Amino acid sequence: MGKLDGKVALVTGASRGIGEATAREFAAEGAKVALLARSGDVIADIAGALGADNAIAIPCDISRFWEVRAAVDACVQTFGALDILVNNAGVIEPISHLSDADPDAWGQVIDINLKGVFNGLRAAMPVMQAAGSGTILNISSGAAHGPVEGWSHYCASKAGAFMLTRCADKEAREHGLRVMGLSPGTVATEMQREIKASGVNPVSQLDWSEHIPPEWPAKALVWMCGPEADDYLGQDVSLRDEDIRAKIGLSR
Ligand SMILES: NC(=O)c1ccc[n+]([C@@H]2O[C@H](COP(=O)([O-])OP(=O)(O)OC[C@H]3O[C@@H](n4cnc5c(N)ncnc54)[C@H](OP(=O)(O)O)[C@@H]3O)[C@@H](O)[C@H]2O)c1
């Protein structure tokens, strides 16, 4: 029996990295999964591999509310419900110092990393509240809680998204919703390749072997769907925490 049998999940940023691993892990645990990203062909291939009965691909730019709402509607129409939302999609480029950041590009990162999370909450919460239950997991970061050189856009957006986690929990817990964040630590994905190429701060100097595989946050997200994670409602779960890793059964 899968841990997510009978559940319907929507995962943003499912074309690669943590989002792809999450879509695959959720499907392996029995969930029906809607995969969202801008790269329609890529998510179509992944959904195809998971099987038409188990997964659908919905091309979507999460910075546009109307696209996110249409994606939620399509998910509910296809699978009959929305039990789990993983607000995972995010970007870090362009990495630059505040003093020479491009204002439009800086704002576009806020549109994706912060407003994209709002768009997911805004589209999914009414559906879940009407059903009386649901889990929303926002992918957070250590950058939500501390400044990092060259990442002002990323730190500000992740700090804002963390506050959205807290606000959503405050408003919706009484309606049966479980909202929390996952701070995964550093993960071996395209985003870390971009960080390494920038050469800007100590994170870019990390050896690749220090990053955890994307399957780890995927397994953590499955765990967060269960009542064992209820102590963390309205908070970030840190995957750097050895106690958390032990609870999830993760180790090198
Ligand atoms: N890797 C790490 O070390 C690390 C650490 C802490 C937190 N995180 C967070 O984890 C999440 C996933 O990151 P990752 O490392 O897996 O990065 P990644 O490999 O670069 O994947 C990012 C995903 O987001 C999607 N995306 C970007 N902009 C989008 C938009 N406007 N609309 C829809 N989808 C969009 C991308 O798909 P398309 O380009 O096809 O749209 C892709 O599927 C992010 O929120 C990131 O901030 C990562």
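Confirm whether ILE58 is hydrophobic (A, V, I, L, M, F, W, C), more than 12 Å from the ligand (Cβ to nearest atom) and closer than 26 Å to MET191 by Cα.
Here the answer is no, as ILE58 does not meet what is asked.
Give all pairs with beta carbons closer than 6 Å in which a residue from segment 1-18 that is under 25 Å from VAL127 (Cα atoms) and free of Cβ contacts under 8 Å to residues at least 60 places away in the same chain meets a residue that is aliphatic (A, V, I, L, M) and within 9 Å of the ligand (Cβ to nearest atom); count only pairs at least 6 apart in sequence or on separate chains.
SER15/ALA37; SER15/VAL42; SER15/ILE43
I'm checking my understanding of the structure. Among residues of segment 206-252 that are closer than 24 Å to GLU190 by Cα and of a type in the set (S, T, N, Q), which one is nearest to the chain's Cα centre (by Cα)?
Filtering segment 206-252 for residues that are closer than 24 Å to GLU190 by Cα and of a type in the set (S, T, N, Q), the one nearest to the chain's Cα centre (by Cα) comes out as SER238.
Any chance you could count how many residues in segment 216-252 are of a type in the set (A, V, I, L, M, F, W, C), assigned to a helix (DSSP H, G or I) and under 19 Å from GLY142 (Cα atoms)?
Qualifying residue count, segment 216-252: 6.
Among residues belonging to segment 5-43 that are within 16 Å of ASN54 (Cβ to Cβ) and of a type in the set (Asp, Glu), point out the one that is surrounded by the fewest Cβ atoms within 10 Å (Cβ to Cβ).
ASP5
Quick one: which of GLU171, GLU210, GLU228 is modelled with pLDDT of 95 or more, loosely packed, with under 13 Cβ neighbours inside 10 Å and within 19 Å of THR135 (Cα to Cα)?
Within the list GLU171, GLU210, GLU228, the selection yields GLU228.
Return the residues of segment 144-161 that are surrounded by 21 or more Cβ atoms within 10 Å (Cβ to Cβ) and either without any contact (Cβ under 8 Å) to a residue 24 or more places away in the chain or in contact with a Ser or Thr (Cβ under 8 Å, 6 or more places away or on another chain) (or both); say none if nothing qualifies.
ALA144, GLY150, TYR154, LYS158, ALA161
Here is a check on your reading of the model: is ASP45 closer than 23 Å to TRP151 by Cβ and free of Cβ contacts under 8 Å to residues at least 24 places away in the same chain? Explain how you work it out, then say what you get.
Details: closer than 23 Å to TRP151 by Cβ: no; free of Cβ contacts under 8 Å to residues at least 24 places away in the same chain: yes.
The answer is no for ASP45.
When the residues of segment 6-30 are narrowed to those that are of a type in the set (Asp, Glu) and out of contact with any Leu (no Cβ under 7 Å at 6 or more places or on another chain), which ends up nearest to the ligand (Cβ to nearest atom)?
Ranking the candidates gives GLU20 first.
So, in segment 15-40, of the ones that are small (Gly, Ala, Ser) and assigned to a strand (DSSP E or B), which residue ends up farthest from VAL91 (Cα to Cα)?
ALA34
The values are calculated or read from the model by the stated rules, or taken from the named source; none is laboratory data. Quantities reported herein were computed from a predicted structural model and do not represent experimental measurements. Ideal geometry is used to build each Cβ from the backbone, glycine not excepted, and the neighbour counts take in all protein chains shown.
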